[in-house]
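Q: My structure is below; once you've seen it, I'll send some questions.
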Amino acid sequence: MIIDSHAHVVLPLEKQIEMMDSSGIDKTILCSTLVHPEKSETYEEFIQEMNVLNQVLNNEINPRDARLRAMEELKDAVTTFPDRFIGFGSVPLSSSSEQLNHWVAKIVNDYKMKGLGEFTLGIGQIKLLEPVFQAANDYSSLPIWVHTFHPLNSNDIQELFILTRKYPNVPVIYGHLGGIHWLQTIPLIKETKNAYLDISAFYTTYSLFLAIKELPEKTVFSSDFPYGDPFLNKLAVERHAGTLLLLV
């Protein structure tokens, strides 16, 4: 079975299933999304969606109603295709501990999500994740998926590793291989037992090659669809895994 461990809800859902089938993907772990670039038909419409995405990546917008709509959309996807989709749910990072625990309970019990994420933060905002780690630890060690590409810098990633080690029972997936900081991220993943690498949006094929070589049991396949292509990422993994076999 081939599992795409990170993608977003794409509408219509049938389009996403078709993409999975044509790419040889058996199951996908879905995160909710506040934007739908796949609906754009013009350059201007796409830019408008990307502007919203940049605000999300910098944690500048976190509207409760929009997040609830996105979670309902994700729940519908998982309910409609339970044999193809697994859900990861997000929570508002500005919540109080009581509100956060309520969100997590709702995500786990009502929405039947299996993990938490994707979390996107701006520079200097990693500390906002600690209540999420605490809640994940309380709920049978729910895995957490964190976006570690731009705008995070190397100090943010170092801070995330400190937080990850503080909660050793919580699996933490470092999304996008640490972005441009992949060379520093790989050895830190190796040293941190509950840290894992996600390959989507890999910055260079060297990062993919070295992640597979150094951390074959801690590197997870993913596409970040619709921003990445599961078919092309699968080809890249097969190519570089094959290179490793030749080297051995």
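The values are calculated or read from the model by the stated rules, or taken from the named source; none is laboratory data. Computed from a predicted structure; not experimentally measured. All Cβ positions, even for glycine, are placed from backbone atoms using ideal geometry, and neighbour counts span all protein chains on display. Quick note on the areas: whole protein, heavy atoms, side chains included, nothing else; ligands and nucleic acids left out. Shrake-Rupley method; radii C 1.70, N 1.55, O 1.52, S 1.80 Å.
Q: Every residue in the stretch 12-26 that is under 19 Å from Glu118 (Cβ atoms) and either loosely packed, with under 12 Cβ neighbours inside 10 Å or free of Cβ contacts under 8 Å to residues at least 40 places away in the same chain (or both), please.
A: Residues satisfying the conditions do not exist here.
Q: Can I ask one more? Determine which single condition Ile29 fails, assuming it passes every other condition in (1) β-branched (Val, Ile, Thr); (2) out of contact with any helix residue (DSSP H, G or I) (no Cβ under 9 Å at 6 or more places or on another chain); (3) over 29 Å from Ser94 (Cα atoms); (4) touching a residue at least 40 places away in the same chain (Cβ under 8 Å).
A: Among (1) β-branched (Val, Ile, Thr); (2) out of contact with any helix residue (DSSP H, G or I) (no Cβ under 9 Å at 6 or more places or on another chain); (3) over 29 Å from Ser94 (Cα atoms); (4) touching a residue at least 40 places away in the same chain (Cβ under 8 Å), Ile29 violates only (3).
Q: Checking the conditions here, which among Gly179, Gly242 is without any contact (Cβ under 8 Å) to a residue 60 or more places away in the chain and on the phi > 0 side of the Ramachandran plot? Please lay out each step first, then the result.
A: Details: Gly242 fails: on the phi > 0 side of the Ramachandran plot.
The conditions single out Gly179.
Q: So which residues in the stretch 98-137 are open to solvent by 40 Å² or more (accessible area, probe 1.4 Å) and either acidic (Asp, Glu) or closer than 28 Å to Ser223 by Cβ (or both), if there are any at all?
A: Glu98, Lys106, Asp110, Lys112, Lys114, Ile123, Gln125, Leu128, Glu130 - these are the residues of the stretch 98-137 that are open to solvent by 40 Å² or more (accessible area, probe 1.4 Å) and either acidic (Asp, Glu) or closer than 28 Å to Ser223 by Cβ (or both).
Q: Further, regarding this structure: Applying the selection to the stretch 131-173, what residues are among the acidic types (Asp, Glu) and at pLDDT 95 or above?
A: Step one: of the stretch 131-173, the residues among the acidic types (Asp, Glu) are 138, 156, 159.
Matches in the stretch 131-173: Asp156, Glu159.
Q: Here's another thing I want to ask about it. Considering the stretch 216-225 alone, what residues qualify as being in a loop (DSSP other than H, G, I, E, B), modelled with pLDDT of 95 or more and not charged (D, E, K, R)?
A: Phe221, Ser222, Ser223 - these are the residues of the stretch 216-225 that are in a loop (DSSP other than H, G, I, E, B), modelled with pLDDT of 95 or more and not charged (D, E, K, R).
Q: Sticking with this structure for a sec: From the list Ser40, Ser90, Ser95, Ser140, exactly one residue is buried (at least 17 other Cβ atoms within 10 Å of the Cβ) and over 16 Å from the mean Cα position of the chain (by Cα). Which is it? Before the answer, list the steps.
A: Values: Ser40 fails: buried (at least 17 other Cβ atoms within 10 Å of the Cβ); Ser90 fails: over 16 Å from the mean Cα position of the chain (by Cα); Ser140 fails: buried (at least 17 other Cβ atoms within 10 Å of the Cβ).
Going through Ser40, Ser90, Ser95, Ser140 in turn, the sole match is Ser95.
Q: One residue is enough: does the stretch 94-102 have a residue meeting the conditions under 22 Å from Asn169 (Cα atoms) and polar (S, T, N, Q)?
A: Yes - at least one qualifying residue is present in the stretch 94-102.
Q: Just checking, how many residues over the stretch 196-215 are exposed (fewer than 14 other Cβ atoms within 10 Å of the Cβ) and outside any helix (DSSP H, G or I)? Steps first, please.
A: From the stretch 196-215, those exposed (fewer than 14 other Cβ atoms within 10 Å of the Cβ) are 204-206; that's our starting set.
If we keep only those that are outside any helix (DSSP H, G or I) too, we end up with 204.
Count: 1.
Q: Residues that are modelled with pLDDT of 95 or more, small (Gly, Ala, Ser) and in a strand (DSSP E or B): does the stretch 188-195 have at least one?
A: Here is the first cut: in the stretch 188-195, the residues modelled with pLDDT of 95 or more are 188-195.
Checking the rest, the ones that are also small (Gly, Ala, Ser) come to 195.
Subsequent filtering for residues that are in a strand (DSSP E or B) retains 195.
Taking every residue of the stretch 188-195 in turn, at least one turns out to be modelled with pLDDT of 95 or more, small (Gly, Ala, Ser) and in a strand (DSSP E or B).
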